[in-house]
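In what follows, a single structure is set out as structure tokens and then discussed.
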Amino acid sequence: MRFGVEDTAKAAEEARKAAMADARTKAEQLAKLGGVSLGKPRSIAETQGAIPVYPAGIPGVARDSAGSTPVETGTNTVTVDVTVRWTIE
């Protein structure tokens, strides 16, 4: 049994859009507080969070071959962190 996200590309794309929007919002606020205008990005770096996969089961959970355990749907999170360096004007 594997737990994971079926379409990681789509989830990562959505997370990437949100991360860039958040970076811009924070940078605009800081620029305003610093009395400058935000320019264009000079560099952009991305780090994606890994989703753990446990092919032999979940660590620390004993297997019971005598019976079955119901499995309910849950949630997984795909994270993307961006570091953006902006020009200021």
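We did not get these values from a lab; they are worked out from the coordinates using the rules stated. Everything quoted here is computed from the prediction, not taken from an experiment.
At 0.36 nm per residue, and after removing the present C-alpha to C-alpha distance, how many nm does the segment from ARG85 to LYS17 gain when stretched out fully? Could you put the intermediate results ahead of the total?
Numbers: separation 68, 0.36 × 68 = 24.48 nm, distance 1.65 nm.
Gain on stretching ARG85 to LYS17: 22.8 nm.
Which lysines, on any chain, are close to LYS32 with Cα under 21 Å apart, when same-chain ones fewer than 8 places away are left out?
Result set, ordered by chain and number: LYS40.
Note the full-extension length gain between GLU46 and LYS26 as 0.36 nm times their separation in residues minus their Cα-Cα distance, in nm to one decimal.
5.5 nm
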